[in-house]
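Q: Sharing a structure here in structure tokens format.
The values are calculated or read from the model by the stated rules, or taken from the named source; none is laboratory data. Just so you know, these numbers come straight off a predicted model, no measurement behind them. Counting neighbours? That spans all protein chains shown, and the Cβs are built from the backbone with ideal geometry, glycine included. Just the protein is used for accessible areas: all its heavy atoms, side chains included, with ligands, DNA and RNA removed. Shrake-Rupley method; radii C 1.70, N 1.55, O 1.52, S 1.80 Å.
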Amino acid sequence: MKKSLVLVASLISMICTGQNIANNSSFEEGMNGWDQNIDVNSGAKAKFIVTNSGHTDSSALQANVEGLGQNAWDIMLMQNLNTVKDKYYELTLHAKAATVGSKMRLQFQNTTYTSKDVELTTEWAEYNFAIVAKENNLQFVIQFFEKGTFDVDNINIVQKEKPAKALLENGGFEAGIEAWNEYIDGGSTAEANFDIVNVGHTGSKALQANVKELGKNPWDIAMIQQLGTVKGELYELKLHAKANTAGKKMRLQFQNTTYTSQDLELTTDWAEYTFTTVAKEDDLQIAVQFFEKGTFTVDDFKIIKKDISSLPLIQNGGFEKGDAGWINTKDNGANAIFSYSEDNPREGKKSLLCLVLVNGKNPWDVQSIASFPTERYKKYRLTFYAKSNTAGTKLKAQIQKTTYTPKDFTLTTDWQKYEFTFSAKENDMQMAFHYLETGLYYIDDVKMEKLSKSKKKKKKKKKNK
């Protein structure tokens, strides 16, 4: 009896993972199972019909888009699906357009959104899109955000076993834009084109983004790839990039329902850039966002999983990334200016500079705060370098959450190393610098380490003579 139950369960699993979950996928039953949205209030004008010129069978869907709405989603074809959260699905469909280069968007949505834009030709061609479902009961949507005539057929959405893959694929663009998705928001003013050029940093090719007009948002022009990240793991992204004008910026972002980003300031020569992050979710995307006009060339993308124990407890302790990881506050009438000075830093290129003009009512009214992971009752050591424009200026370092462990330091006009050893009274605390006097403070090279227990020597018992 048990063997029969196992066999039945295996058969059900095989059926579920091999079955097309899209109803009326070739439109042989007209529009049955499909809903349409044409937002006339937004100016959209379009018509969906079923024609007798399918790719394989006798029928196919045809979208005739005569007028665009204000948003990319104002003209849509959609169907509700019985997806299961965290399961892997592969979509294939055939499509063509009346004009070469016309684009449409494939999207899975509910309260989350995962999309891919496809560029069509005038001949039937197969297009693919694989996702890990972020929710149960997703909706599959095709958005039409360009004028023209579009034909769609053979929509297959099948649950499969998720294939093992590299963290990041085609990082050198030797296979064109394979594994990457172009994103240019057709509902905004964004105008750009992505090209594969024969001026790679290491290999023969690289990606070039030519940004002609900006969108309303930094993310309106982007190149995106789905990754196989795992929540809580540490990843290091490396790439080479350059721009046609020195000082041009682009943004690297790990995203899903959360967002972690870093802006890069480029030169006109190839240079290597690094971005390290702890994944906040499984299956993040890496997005390269272009939010300035100009020409950008990128190559050699690599993502490496690293030992999370190598991550410093206090992030950006050298202030090389400005205020990333830090919160600077001034309250109760206090007035202070925070900046990141390249004038004689202790290490690296920058240090934190705080100019206190007016003190507040309390010692903590001007402060810089960084959160870090602690374990209750464990011992830690804080070290940092500091100086002031006036010898004898007082600075307080404090470990805080709902409890407080402070220590005051007296600064000199030269860089000096200071230490503070303490036992954490709570999990996941903050480290704060309180600027106690008016004047100019410099801080750099802030580090926190967890101390290992030292073995106590056993006292030898005296023998009675």
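Q: At 0.36 nm per residue, and after removing the present C-alpha to C-alpha distance, how many nm does the segment from D331 to K280 gain when stretched out fully?
A: Values: separation 51, 0.36 × 51 = 18.36 nm, distance 3.17 nm.
Separation in residues times 0.36 nm, less the Cα-Cα distance, equals 15.2 nm.
Q: So, counting K/R as plus one and D/E as minus one, what does the shell of residues with Cβ under 12 Å around A324 add up to?
A: Numbers: positive: K321, K350; negative: D263, E320, D323.
Around A324, the surrounding residues sum to -1.
Q: Name the long-range amide H neighbours of S59: under 5 Å, sequence gap of 5 or more, or other chain; modelled H, no Pro or chain starts.
A: Residues meeting the amide H criterion: G54.
Q: I'd like the distance separating the alpha-carbon centroids of the stretch 96-157 and the stretch 206-272, in whole Å.
A: 24
Q: Within 12 Å, Cβ to Cβ, of L411, how many net charges do the neighbouring residues add up to if Lys/Arg are +1 and Asp/Glu are -1?
A: Values: positive: K387, K394, K396, K417; negative: D408, D414, E437.
Once positives and negatives cancel, what remains is +1.
Q: Lysine pairs in the stretch 91-169 with alpha-carbon atoms under 26 Å apart, 8 or more places apart or on different chains: how many are there?
A: The number of close lysine pairs in the stretch 91-169 is 13.
Q: Also: How far is it, in nm, from the label point at A175 to the one at K407 when both lie 7 Å from their Cα along the line to the Cβ?
A: 5.3
Q: Compute and list, largest first, the equivalent-ellipsoid semi-axes of the chain from the alpha carbon gyration tensor, each √(5λ) rounded to a whole angstrom.
A: One finds semi-axes of 53, 30, 21 Å for the chain.
Q: Starting from 0 in steps of 10 Å, tell me what percent of the Cα-Cα pairs of the stretch 28-91 lands in each bin.
A: 19, 37, 33, 11
Q: Want the number for E29 to K417: 0.36 nm per residue separation, take away the alpha-carbon distance, what's left? Spell out each step's value before the answer.
A: Values: separation 388, 0.36 × 388 = 139.68 nm, distance 7.67 nm.
Length difference between fully extended and current span is 132.0 nm.
Q: Using the Karplus curve 6.51 cos²θ - 1.76 cosθ + 1.60 with θ = phi - 60°, work out ³J(HN,Hα) for each residue of the stretch 371-384 in order, rounded to whole Hz, and write x for Gly and Pro.
A: 7, 8, x, 10, 10, 4, 6, 7, 9, 9, 10, 9, 10, 7
Q: Using a 1.4 Å probe over the heavy atoms of the protein chains, calculate the carbon and sulfur portion of the accessible area of the stretch 60-183 as a whole percent.
A: 45
Q: Quick check: residue separation of Y340 and V84 times 0.36 nm, minus the Cα distance between them. What number comes out in nm? Before the final figure, lay out each step's value.
A: Working: separation 256, 0.36 × 256 = 92.16 nm, distance 4.78 nm.
Extra length available between Y340 and V84 comes to 87.4 nm.
Q: Could you give the distance between the Cα centres of the stretch 280-326 and the stretch 29-95, to the whole Å?
A: Computed from Cα coordinates, the inter-centre distance equals 37 Å.
Q: Send over the Kirkwood Rh of the stretch 49-176, from the inverse of the averaged 1/r over different Cα pairs, rounded to one decimal Å.
A: Values: mean 1/r = 0.0633 Å⁻¹.
After inverting the mean inverse Cα-Cα distance, the result is 15.8 Å.
Q: Accessible area per residue for the stretch 246-317 in Å², computed with a 1.4 Å probe and the full protein assembly in place, what is it? Walk me through the numbers before you get to the answer.
A: Details: 3210 Å² over 72 residues.
Per-residue value: 45 Å².
Q: Follow-up. Which aspartates and glutamates does K205 reach when only Cα atoms under 20 Å apart count, and residues fewer than 8 places away in its own chain are ignored?
A: Result set, ordered by chain and number: E169, E174, E178, E182, D195, D269, E272, D299, D300.
Q: Heavy-atom accessible area per residue, the stretch 122-230, 1.4 Å probe: how many Å²? If you can, show how the numbers build up before the last one.
A: Details: 4760 Å² over 109 residues.
On a per-residue basis, 44 Å².
Q: Cα convex hull of the stretch 335-381: how many Å³ per residue? Working shown, then result.
A: Details: hull volume 6.0 nm³, N = 47.
For the stretch 335-381, the hull spanned by Cα atoms encloses 127 Å³ per residue.
Q: Here is a follow-up. First check a/c for the stretch 224-347, with a ≥ b ≥ c the square roots of the eigenvalues of its C-alpha gyration tensor; if it is under 1.5, answer rounded, and if not, answer prolate when a/b is larger than b/c or oblate otherwise. Write out the running numbers ahead of the final one.
A: Values: a/c = 1.76, a/b = 1.19, b/c = 1.48.
Oblate, since a/c reaches 1.5 and b/c is not below a/b.
Q: Assuming R0 = 25 Å, can you tell me the calculated FRET efficiency for the pair V230 and L451, based on Cβ-Cβ distance, to the nearest 0.05? Don't skip to the answer; put the middle values down first.
A: Values: r = 29 Å, r/R0 = 1.17.
Step by step, r from the Cβ atoms, then E = 0.30.
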